[in-house]
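The values are calculated or read from the model by the stated rules, or taken from the named source; none is laboratory data. Predicted model, so just to flag it, every value in this text is computed and none were measured. Using ideal geometry, Cβ is built from the backbone for each residue, glycine included, and neighbour counts are taken over all protein chains shown. Keep in mind that these areas ignore ligands, DNA and RNA; they rest on the heavy atoms of the full protein, side chains included. Shrake-Rupley method; radii C 1.70, N 1.55, O 1.52, S 1.80 Å.
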Amino acid sequence: MSSLNLETTSETPPRVPYSLQELPITTTAKKFPKKLTLVPLIFLIYFEVAGGPYGEEPAVQAAGTLYALLGFLIFPFIWSIPEALITAELSTAYPGNGGFVIWAERAFGPFCGSLMGSWKFLSGVINIAAFPVLCIDYMEKAVPALESGWPRKVAVLISTLLLSFLNYTGLTIVGYAAVLLGLVSLSPFIVMSLIAIPKIHPHRWISFGQKGVKKDWTLFFNTLFWNLNFWDNVSTLAGEVDAPRKTFPMALLVAVIFTCVSYLIPLFAVTGAVSVDQSLWESGFHATAAEMIAGKWLKYWIEVGAVLSAIGLYEAQLSSSAYQLLGMADLGFVPNFFAIRSKRFNTPWVGILLSTLITIGVSYMTFTDIISSANFLYSLGMLLEFASFIWLRKKLPGLKRPYRIPMRLPGLIVMCLVPSAFLVLIMAIATKTVYLVSGLMTVGAIGFYLFMNFCKTKRWFKFRSGEVIED
């Protein structure tokens, strides 16, 4: 297909409704070529999903060593790989900013596209708020004044603003920063795993857990789910990737392998080398284990790595949220000003600003139930994403798909049903508060869609028409 642009010429070319067009709009300015290449993209995906083995420890606490190891070995095949495959196929078929919003719109129309955008955006920015707080939680161990009161609030505010400014300086800088942060934050785990080898007792790997300790399957599955999730977030950056139809499948393949290995090697090393009470396997136990294996120096190194990992997670997920808004502006779901880019850095500064403001507001709240609600909304979005993928295969069998999952429709349905069943399970065990907050957010998302349509009729803001021009 010929290239697409947004400007008319003296000879007006035929306008093609967006729903009939193969590719979505991309608003990358011509003087800023797409520069997100393979290696930075791999590490951005890595930080969208994991950021290191920080947070895998509760799986051992919940179900014992053997189930934890089996979980991180098997779960990628029933969850991570299907989600990554779908992301690879649809991101190469529709390589524009907006990702999953485009997929839902193309499959089921503008209402579902807008609803998908609201669900994913809300869940994303609320999750982002946890990372500056995590940085301060680690820093307070060295600076006790940051434990509470105004020093803590100021520290959270300053860290959030600094991290957002780094994001504003450009996706290329963020991408290479992710490479550096990933290598540095993983390095202490490599050292710990090597030092642990002589101390490993393989029989510890087949432990079903301590006698008398009841298994917490809710904690176990939630730990697996949130440590191996969010593969589709990178799809909102597709319009910024160099040769996305070639780069995306390779980046996702390498990122899946890299992420799974980064979880498994430290888990095998620590569970084999350290024997402690199962209840001690809380988030952050890897740092304690490092001290037991090698000394305090390695514990401090892992704690520094945790801060760097939180920075990488913040940058990657803020990029996805900001570029999602840019993609939604391309599709006409939000006003044009969300597509405005910085003249100096070519970044969507309005999306970065809005995401940062919401993040700052949420970071001062006790938001356990709100984050659970955000995860609930993400699950709803994933169900819609699976449905969009299946329907697009059925609705548009002839669509050009540079990467195509080598399965027929019945096999794809089965592939999507397994993770969908897991999503339903996650939502079924949610609390009443989560149901209430998620319901209110969904009603708000529907109201937002209706309000945007009202704004279009009143012409209060400028919107893109949802059409593209074929050269």
(Q) I'd like the FRET efficiency for LEU264 and LYS456, computed as 1/(1 + (r/R0)^6) with the beta carbon distance as r and R0 of 60 Å, rounded to 0.05. (A) 0.75
Q. At what distance in nm do the modelled label points of VAL213 and VAL443 sit from each other, each positioned 7 Å from its Cα along Cα→Cβ?
A. 4.3
Q. Helix-derived [θ] at 222 nm for the chain: sum -39500 (n - 2.57) over DSSP H runs of at least 4, divide by residue count, nearest 500?
A. -21500 deg cm²/dmol
Q | Length gained when the stretch LEU166-VAL184 is fully extended (0.36 nm per residue, less Cα-Cα span) | A | 4.7 nm
Q: At 0.36 nm per residue, minus the direct Cα-Cα distance, what do SER279 and TYR176 gain on full extension? Give it in nm, one decimal, please.
A: 33.3 nm
Q. Once the Cα atoms of helix 81-93 and of the chain are each reduced to a long axis, what angle between those two axes, in degrees from 0 to 90 to the nearest 10, is obtained?
A. 20
**Q.** Spherically averaged projected area in nm², based on the convex hull that wraps the Cα atoms of the chain
**A.** 23.1
Q: Provide the per residue accessible area, probe 1.4 Å, for the chain, rounded to a whole number of square angstrom.
A: 43
Q: Would you kindly compute the Cα radius of gyration of segment 253-358 and its largest Cα-Cα separation (Dmax), both in Å?
A: 20.3, 58
Q. In degrees between 0 and 90, to the nearest 10, how far off the longest principal axis of the chain does helix 217-227 point, with axes built from Cα atoms?
A. 60
Q.
Under a Cβ-only charge scheme (Lys and Arg +1, Asp and Glu -1), can you give me the dipole magnitude of segment 288-377 about the Cα centre, in debye to the nearest 20?
A. 320
Q.
For the pairs LYS246/LYS400; LYS343/LYS462; LYS35/LYS343; LYS120/LYS215; LYS211/LYS299; LYS35/LYS246, flag any whose C-alpha to C-alpha distance is greater than 22 Å.
A. LYS120/LYS215; LYS211/LYS299
Q. Quick one: what does P(r) look like for segment 197-310 with 10 Å bins over all Cα pairs, in whole %?
A. 10, 32, 32, 17, 7, 0
Q) If you rank TRP349, TRP119, TRP226 by how much accessible surface each has, with a 1.4 Å probe, what is the order from largest down? A) TRP349, TRP226, TRP119
(Q) What does the extension gain come out to for MET407 and THR433, with contour length at 0.36 nm per residue minus their alpha carbon separation? (A) 5.4 nm
Q: May I ask you to order 208-217, 129-138 by the average number of other C-beta atoms within 10 Å around their residues, highest value first?
A: 129-138, 208-217
Q: Relative to the longest principal axis of the C-alpha atoms of the chain, give the angle of the C-alpha long axis of helix 110-128, reported between 0 and 90° and rounded to the nearest 10°.
A: 30
Q: In nm, give the distance between the simple-model label positions of LYS394 and MET292, each being 7 Å from the Cα along the Cα-to-Cβ direction.
A: 5.2
Q. Label-point separation (nm) for LEU353 and ILE74, each offset 7 Å from Cα along Cα-to-Cβ?
A. 5.1
